[in-house]
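Take a look at the structure set out below.
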Amino acid sequence: MRPIPPGARQSLHHLVPKLKGGKGGPVVRLHQICHNEIHATLTEAELAREYCTVEALRAHPRLAKFIAWVGRRPPEFHSKTPGPRRKR
């Protein structure tokens, strides 16, 4: 797990999306770039149904590849996430 230094872009991720019943549920603090990648990769329904734990998110093939890539960057690294990449 990468440390999130003060001043780095970050946000809270609801493990179950608020629109799918997760309001008031567990949240995790993430680098903003990681949060963007999660939502560019998975739909709200997929997040609620299959990826509602940190372990499940880390196990997703695309996210695992992204985590390995971003892990080689400095903790304060951020770049723009391209538009949604999930297949519809």
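The values are calculated or read from the model by the stated rules, or taken from the named source; none is laboratory data. Since the model is a prediction, treat every value here as computed from it, not as a measurement. For neighbour counting, all protein chains shown are included, and Cβ atoms are generated from backbone atoms with ideal geometry for every residue, glycine included. Just so you know, the surface numbers come from the protein's heavy atoms only, side chains and all, with ligands and any DNA or RNA stripped out. Shrake-Rupley method; radii C 1.70, N 1.55, O 1.52, S 1.80 Å.
Taking the listed residues GLY71, GLY22, the one that is in contact (Cβ under 8 Å) with a residue 12 or more places away in the chain and surrounded by 13 or more Cβ atoms within 10 Å (Cβ to Cβ) is GLY22, with no other qualifying. Looking across GLU76, GLU55, GLU46, GLU37, one residue alone is among the charged types (D, E, K, R), at pLDDT 90 or above and open to solvent by 70 Å² or more (accessible area, probe 1.4 Å). It is GLU55.
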